[in-house]
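J.: Submitted below is the structure of interest, expressed as structure tokens.
A short reminder: the numbers here are calculations on the coordinates, not readings from a lab. If you're wondering where the values come from, they're calculated on a predicted model, not measured in any experiment. Every residue, glycine among them, receives a Cβ derived from its backbone with ideal geometry; neighbour counts consider all protein chains shown.
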Amino acid sequence: MVLIAKRMINITFPDGAVRQYEPGVTALDIAKSISEGLARKVLAANVNGQVVDATRPILTDSTLQLLTWVDKDGKATMWHSSAHLMAEALEALYPGVKLGYGPSIENGFYYDIDLGDRTISEDDLKQVEAKMVELSKRNSEYVRKEVSKADALAYFTEKGDQYKIETINELADGSISFYTQGGFTDLCRGPHIPNTGFIKSIKLTSIAGAYWRGSEKNKMLTRIYGITFPNQKELDEYLTLIEEAKKRDHRKLGKELELFAFSEKVGLGLPMWLPKGAMLRERLQRFLQEAQIASGYLPVVTPHIGNKNLYVTSGHYEKYGKDSFQPIHTPEEGEEFMLKPMNCPHHCELYKVSPKSYKDLPVRFAEFGTVYRYEQHGELHGLTRVRGFTQDDAHLFCRPDQVKEEFQKVIDLVMYVFNSLSFTEYTAQISLRHKTDRSKYMGSEENWELAEKAIIESAAEKGLNTVVEYDEAAFYGPKLDFMVKDALGRKWQLGTIQVDYNLPERFELEYIGADNQKHRPVMIHRAPFGSLERFIAVLIEHCAGKFPLWLAPTQVKILPISDKSQAYAEKVAELLKKAEIRAEIDDRSEKIGKKIREAELAKIPYMLVLGEKEAADNVVAVRRQSKGDLGTMPLEQFTTMINEEVANRKPIE
Ligand SMILES: [Zn+2]
Ligand SMILES: [Zn+2]
């Protein structure tokens, strides 16, 4: 008898360890060979860089990462599989329902469905959830089957689902697969989790209308959103977070705190700032301006529009012209202006006003420049997606050898801004070129290497928590983006620093080097806030409208107990004004309890309760928002306390 040794395949794990398995082994088998506990957690697998079913046979030497709930791709696989489970439940409850697309999204999943003449309301979702729970408990496997185009079409023709038929018609024969779990089959490329039993906790969150394939020409389908978790605890935490996020929604708080407003008559997506919001903006601007002046920035001011040719030169017209606000015509033949979509081209022209030598660099032009960008109606959202906004913009023009130092200084500035505003958790993404394909980039290899190295080193030296992403750089330069985590743990992209080799070329910017020759400066775009609108939106949600004292629109509410202490209240208000403290009197003839409650709700940091006794003793009774009574003190002591808190920019507690 001859024993033929089976050829084994090498599986390389993320830590570099290599183990041998028989060909045809699945990621789930491999997980089981490590531990049963691990196998119970595996949702999908990354095999050679591709996310696949954990039950797919692996036939050749491969790299393998087992994906669980902690991995982004693990979550996405679970959520997409949950969309299939929801479809199965819908089919059971509403026979004849037709299905569009059912992808996973950032938080959960949705499925677009066509219920024919029937309608579904949010009240019906409970029943769908219950059905999903029932089906999930069957632990039905998600079984993959490759099918021919003809068979795929036959299946859905028989079923009468024109959406699937339309989708299949666009697919190439030989690339089509079905997935079946329980009694439900869907057209899908996958991957999916091993079985429905992984889906333990289910919440269908909302219903919306969505045009088939996003086109208004097509039928409006019903989109059902949902989210699932591997346990009840995480679902509960998520629901609490959603509730808290609703309370902190900047659109709601912005209205309540009288910060900003929108008017359809003025135009969608064009925020207007009420006095309290405008003053908050000004304080933020002043704060950054002071820091910038200390860092060698020079202020400039440029107009809100620019000649169309400016954007033809910059390349923006070619790239964004069609999808932007259209040119403004003047009575003069052929003269066209664009609403400014960015400040950079204006600043390039300012750089050229006078000749520069290597000793003049870096030149740092800063401007709170308002720009206008067209966004579709459906994309607009409060202050975070708008059509007009003010960037805390600056452009640094420097020599290639100065890039690193400039980067370090900008990182310092951004960190100073975040720390001053109690954003203590942030990470930075460094976006570099494609690892090997360098054909699409503008600028010399030498300068790119210098800049990429400068960014990586500066970030490391500043102790920034970074992730490096290849192939994420713009064609014109590498960049570094800051993501902050807010009080609810949500991530927001704020500040950005970006190297640019393109605009200096297009605008033919020059400086005379030490060698007496002409050279191109490097341009760096940077904005620590990103935009004032977006930053304030994030700040409102981060601090739930309880701004740190130095930013609070109203710092002190003076609450006279009755008409008898009105005169004393006015005297206190006058003295606070002299001490540059922003105070208001609530002189309505309401009960003091009600006045305190309302000041609390309005998130006013300090309240001064003034009765006849306080007037007689020439003192103030102080209350701190959400903390309560701080006792009685002379007004002078109070103003000193306030001014110190403001001067130190004491963060929110
Ligand atoms: Zn699927
Ligand atoms: Zn710029």
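J.: Would you calculate a helix-derived [θ] at 222 nm for the chain, using -39,500 (n - 2.57) for each DSSP H run of n ≥ 4 and dividing by the full residue count, to the nearest 500? Show your work: numbers first, answer last.
T.: Details: 20 runs with 223 residues, N = 653.
Calculated mean residue ellipticity at 222 nm is -10500 deg cm²/dmol.
J.: Relative contact order for the chain: what is it in percent, counting Cα pairs under 8 Å that are at least 6 residues apart?
T.: 8 percent
J.: Let me ask you something else. May I ask you to evaluate 6.51 cos²θ - 1.76 cosθ + 1.60, the Karplus curve with θ = phi - 60°, for each residue of the stretch 452-463 and list the ³J(HN,Hα) values in order in whole Hz, giving x for glycine and proline?
T.: Along the stretch 452-463, the couplings run 4, 5, 4, 5, 4, 5, 4, 4, 5, 5, 8, x Hz.
J.: Another question about this same structure. Taking the simple approach of a point 7 Å from Cα along Cα-to-Cβ for both residue 61 and residue 146, what is their distance in nm?
T.: With each label placed 7 Å out from Cα toward Cβ, I get 2.4 nm.
J.: Here is a further query. Which far-off residues, 5 or more places away or on another chain, put their amide H under 5 Å from the one on residue 387, with H placed in the peptide plane?
T.: Counting only residues 5 or more places away or on other chains, the set is 270.
J.: Can you figure out the FRET efficiency of residue 239 with residue 562, using R₀ = 41 Å and their beta-carbon distance, to the nearest 0.05?
T.: 0.35
J.: Please give me, ordered by residue number, the trypsin sites (Lys or Arg not before Pro) of the stretch 213-321 that lie in loop per DSSP and have at most 15 other Cβ atoms within 10 Å.
T.: 217, 219, 265
J.: Now a separate question. Work out how much length residue 640 to residue 272 would gain on full extension: take 0.36 nm times their residue separation and subtract the Cα-Cα distance, in nm to one decimal.
T.: 129.0 nm
J.: While we're here: Can you work out ³J(HN,Hα) from phi for every residue in the stretch 328-333, in order, using Karplus 6.51 cos²θ - 1.76 cosθ + 1.60 and θ = phi - 60°, giving whole Hz and x for Gly and Pro?
T.: For the stretch 328-333, the Karplus-derived couplings read 8, 9, 10, x, 6, 4 Hz, x marking Gly and Pro.
J.: Fully extended, how many nm does the chain gain between residue 50 and residue 10 (0.36 nm per residue separation, minus their Cα-Cα distance)?
T.: Length gained between residue 50 and residue 10: 12.7 nm.
J.: On to the next question. Pop out the ³J(HN,Hα) list for the stretch 21-33 in order, Karplus 6.51 cos²θ - 1.76 cosθ + 1.60 with θ = phi - 60°, rounded to Hz; leave Gly and Pro as x.
T.: Going residue by residue, I get 9, 6, x, x, 5, 9, 4, 5, 4, 5, 4, 4, 5 Hz, with x marking Gly and Pro.
J.: Still on this structure, please answer the following. Run the simple label-point estimate for residue 420 and residue 379 please: 7 Å along Cα→C-beta, distance reported in nm.
T.: So the two model labels end up 3.2 nm from each other.
J.: Report, by chain and number, residues whose modeled amide H sits under 5 Å from the one on residue 274, excluding near sequence neighbours (fewer than 5 apart, same chain).
T.: Amide H to amide H, under 5 Å and 5 or more residues apart or across chains, residue 274 pairs with 260, 261.
J.: What FRET efficiency comes out for the pair residue 594/residue 205, r = Cβ-Cβ distance, R0 = 35 Å, nearest 0.05?
T.: Numbers: r = 37 Å, r/R0 = 1.05.
My answer for the efficiency is 0.45.
J.: Which whole-number percentage describes the relative contact order of the stretch 295-369, with Cα contacts under 8 Å and a sequence gap of 6 or more? Each step should come with its number before you reach the end.
T.: Values: 67 pairs, mean separation 36.8, N = 75.
After rounding, I find 49 percent.
J.: Pop the C-beta distance of residue 18 and residue 439 into the FRET formula with R0 = 45 Å and round what comes out to the nearest 0.05. Walk me through the intermediate numbers first.
T.: Numbers: r = 34 Å, r/R0 = 0.76.
The pair residue 18/residue 439 has a calculated efficiency of 0.85.
J.: Treat the count of other C-beta atoms within 10 Å as a stand-in for reagent exposure and order 597, 364 from fewest to most. Could the numbers behind the result be given before it?
T.: Working: 597 12, 364 22.
If I rank by nearby Cβ atoms, fewest first, I get 597, 364.
J.: For residue 613 and residue 354 in the same chain, what is the full-extension length gain: residue separation times 0.36 nm, less their Cα-Cα distance, in nm?
T.: That pair, residue 613 and residue 354, stretches by 86.5 nm at full extension.
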